[in-house]
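The structure under discussion appears below in the form of structure tokens.
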Ligand code: PMP
């Protein structure tokens, strides 16, 4: 029916067919693979979080969850020295980001973000009709702060970037992030800190100082709860209120009972959080040194993954060779980065299997 020339079919082809959907990293069903392609945490979540999820699995599931997820907002507020009204929660940080695109990032002037960055940003721009401008990274793949400062009438309507950036892993110092926020008081600056707990400096420390700052975090990486789907934003109450309005027009319950219970217990288990992140950082440093020894050029990483290329071997070919050996890493067929592999830091044992395989391939 949509092939006929009707207003509906014209809308459909112009809007929906025009979208370039985000292609998520591969999620294979086999568990005998060494899966280093979607930046999950190699060690499991806090045992206290698992226990809290089990305890929440009972007859109470017949009841709706708390529409405000107050217990989680309170726990996050305590953890980050904020008020609960400065916290917005959602079903994974992708959903939090989607709400920010709808509520905060759409202006007459374009949204600016790095030209090599999280591939969901241009997708959301297409979906929500947000004009955007991709700002090239420097030669060394770092974000150039100066490019985000207003020059005359050239200024951003809003700005979004991950810190550390994805898929490069490079982090911007907090003082540089602050320069961008301070220079753009009219623009919402969204800092996506999905990977910050592995060595970045969080801009949550600046939330009380700048009403135009929104910081987004996820439980999928440093808290090892990608399967639970929890993310949050911290910012000025005005920004949070805008997000809540959009959310309430969209659905009534951001998080289910199991997610709230597990996320609260995870936030309260600071020791497990710190220790499991420390193990990943230490494995990352070992892996960086080993890949360097094999001749790889490795970008400095403050994340739980590394971005590396080999001067003598094609990136796609290396990824294919690893795949034959049941190891999956991420390869992007995009300009400038198609020679790189993005490799999630796995357990020590997984990293050793990867390094052995690379030695054999090279
Ligand atoms: N931001 C960045 C930069 C990411 O890499 C990811 C994970 N792919 C996300 C946000 C979304 O993570 P989640 O929806 O699992 O919280």
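Annotations for the structure displayed:
- Against the test of being buried (at least 21 other Cβ atoms within 10 Å of the Cβ) and either farther than 21 Å from residue 207 by Cβ or out of contact with any strand residue (DSSP E or B) (no Cβ under 9 Å at 6 or more places or on another chain) (or both), the options 183, 166 yield a single qualifying residue, 166.
- Leading residue by the ranking (farthest from residue 32 (Cα to Cα)) among those in the range 330-342 that are touching a helix residue (DSSP H, G or I) at 6+ places or on another chain (Cβ under 7 Å) and surrounded by 22 or more Cβ atoms within 10 Å (Cβ to Cβ): 340
- Every condition in (1) in a helix (DSSP H, G or I); (2) within 19 Å of the chain's Cα centre (by Cα); (3) surrounded by fewer than 22 Cβ atoms within 10 Å (Cβ to Cβ) holds for residue 178 except the one numbered (2).
- Count of the range 187-244 residues which are within 28 Å of residue 24 (Cα to Cα) and touching a strand residue (DSSP E or B) at 6+ places or on another chain (Cβ under 6 Å): 22
- Residue among 36, 72, 97 that alone is touching a strand residue (DSSP E or B) at 6+ places or on another chain (Cβ under 7 Å) and closer than 22 Å to residue 210 by Cα: 97
- Of residues in the range 127-139 being in contact (Cβ under 8 Å) with a residue 12 or more places away in the chain and within 23 Å of residue 298 (Cβ to Cβ), the one surrounded by the fewest Cβ atoms within 10 Å (Cβ to Cβ): 136
- Any hit, the range 190-198, residues being crowded, with 23+ Cβ neighbours inside 10 Å and farther than 17 Å from residue 302 by Cα: yes
- Enumeration of residues in the range 188-227 that are more than 12 Å from the ligand (Cβ to nearest atom), in contact (Cβ under 8 Å) with a residue 24 or more places away in the chain, closer than 14 Å to residue 175 by Cβ and in a loop (DSSP other than H, G, I, E, B): 201, 202, 210
- Any chance residue 247 is in a helix (DSSP H, G or I) and either away from the ligand (no atom under 16 Å from the Cβ) or within 21 Å of residue 197 (Cβ to Cβ) (or both): no
- Filter pass, residue 156 being more than 18 Å from the chain's Cα centre (by Cα), assigned to a loop (DSSP other than H, G, I, E, B) and buried (at least 21 other Cβ atoms within 10 Å of the Cβ): yes
Any read-out appearing in this document is the output of simple, stated calculations on the displayed coordinates, not a laboratory observation. Everything numeric in this text was worked out from a predicted model, so none of it was measured. Neighbour counts are summed over all protein chains in view; Cβ atoms, including those assigned to glycine, are modelled from backbone coordinates with ideal geometry.
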